[in-house]
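The structure appears below as structure tokens.
The values are calculated or read from the model by the stated rules, or taken from the named source; none is laboratory data. Keep in mind the model is a prediction, meaning the values are calculated, not measured. Positions of Cβ are backbone-derived with ideal geometry, glycine not excepted, and every protein chain shown enters the neighbour counts. Side chains are part of the model used for accessible areas, which takes the heavy atoms of the whole protein and leaves out ligands, DNA and RNA. Shrake-Rupley method; radii C 1.70, N 1.55, O 1.52, S 1.80 Å.
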Amino acid sequence: LAKTTQPISMDSYEGQEVNITCSHNNIATNDYITWYQQFPSQGPRFIIQGYKTKVTNEVASLFIPADRKSSTLSLPRVSLSDTAVYYCLVGFFVNNNDMRFGAGTRLTVKP
Amino acid sequence: SQTIHQWPATLVQPVGSPLSLECTVEGTSNPNLYWYRQAAGRGLQLLFYSVGIGQISSEVPQNLSASRPQDRQFILSSKKLLLSDSGFYLCAWSHGSNTEAFFGQGTRLTVV
């Protein structure tokens with residue numbers, strides 16, 4: 001199983017770039033890496049997904065090294081509204097249809 | 001466009017009472033469907049997932065059950081609620097491995 005490991009929490013200040021790293025040492029060849037954001041009392045929301053190298057969208061960038069054993073979510077110039085829990089998911093486990101979240105990283109953005 | 005509906009938003013139920021939470025998806029067909037529970041301040045625990053009508057996979061032994069009577073309908077049930085069943089229940093759908101998942105707004109269940 002491609003277990004993921006993330007920091008439990010991170011603090012940042014408005015306007016800074018935030019990088020959250022996820023370790024997934026036994027990622028499978030067909031696995032993609034997906035990041036979700038969750039605000040209190042809401043369902044998680046998709047942020048970005050990638051397979052290798054770098055992916056960028058209007059919200060974030062995802063950096064994946066060649067060995068794919070880790071990935072880094074980069075949030076440029078965070079604001080207070082980026083305070084949330086961020087989850088890293090790697091592929092889908094077992095028979096490729098279940099979807100399990102780890103504990104996530106609680107990001108707190110301070111003024 | 002696809003939408004996912006989950007209701008009710010909040011629910012207070014006495015211990016020992018039954019439970020039925022419903023989730024429906026619109027705008028897509030043959031989705032994978034998921035039920036999660038989230039305790040206060042904790043991560044999401046996968047309870048059930050379904051890849052088709054009548055096909056349910058259970059992840060955690062408990063007094064909850066799930067059913068999928070129609071392609072885009074997923075129901076979470078219990079015959080007798082326990083205090084430990086309290087939590088934030090989320091329904092989600094996706095089109096399978098390595099694709100984005102979409103979540104409902106959740107149901108906050110308090111068992112008293």
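Peptide packing for A:9-20, A:79-90 was compared via the average number of neighbouring C-beta atoms within 10 Å per residue; ordered from the highest value, the list is A:79-90, A:9-20.
Placing unit charges on the Cβ atoms of the charged side chains and taking the dipole of chain A about its Cα centre, the candidate lying farthest along the positive direction among A:46, A:90, A:20 is A:90. Placing +1 on the Cβ of every Lys and Arg and -1 on the Cβ of every Asp and Glu, with no other charges, gives chain A a dipole of roughly 180 debye about its Cα centre. Peptides B:39-48, A:53-62 ordered by packing proxy, namely the average of other Cβ atoms within 10 Å per residue, highest first: B:39-48, A:53-62.
With +1 on the Cβ of every Lys and Arg and -1 on the Cβ of every Asp and Glu, and nothing else charged, how large is the dipole of the protein assembly as shown about its Cα centre, in debye rounded to the nearest 20? Could the numbers behind the result be given before it?
Values: 17 positive and 14 negative charges, 70 e Å.
Charge dipole of the protein assembly as shown: 340 debye, to the nearest 20.
Net charge near residue A:49, counting Lys/Arg +1 and Asp/Glu -1 over other residues with Cβ under 12 Å of its Cβ? Don't skip to the answer; put the middle values down first.
Values: positive: A:52; negative: A:31, B:100.
It works out to a net charge of -1.
In this structure chain B gives 46 Å² per residue of accessible area when probed at 1.4 Å with all protein chains present.
What is the dipole size for chain B, taken about its Cα centre, with +1 at each Lys and Arg Cβ and -1 at each Asp and Glu Cβ, in debye to the nearest 20? Numbers along the way, then the final one.
On the way: 7 positive and 6 negative charges, 61 e Å.
My answer is approximately 300 debye.
Cross-link partners of residue A:52 among aspartates and glutamates, defined as those whose alpha carbon lies under 12 angstrom from its own and excluding same-chain residues fewer than eight positions apart: A:31, A:67. Compactness of chain A is given as radius of gyration and Dmax, 13.5, 44 Å, from Cα positions.
Could you compute how fast the protein assembly as shown diffuses translationally, taking Rh as the Kirkwood radius over C-alpha pairs and applying Stokes-Einstein at 10 °C with viscosity 1.306 mPa s? Give it in µm² per second. Estimated via Stokes-Einstein, D reaches 88 µm²/s.
Residues in segment A:9-110 average 47 Å² of solvent-accessible surface per residue, probe 1.4 Å, ligands and nucleic acids excluded.
Each listed q (0.19, 0.23 Å⁻¹) maps to a log10 I(q)/I(0) for chain B from the Debye sum over equal C-alpha point scatterers, namely -0.94, -1.35. FRET efficiency for the pair residue B:28 and residue A:28, taken as 1/(1 + (r/R0)^6) with r the Cβ-Cβ distance and R0 = 30 Å, rounds to 0.70. Centre-to-centre, using Cα atoms only, segment B:33-75 and segment A:36-78 are separated by 26 Å.
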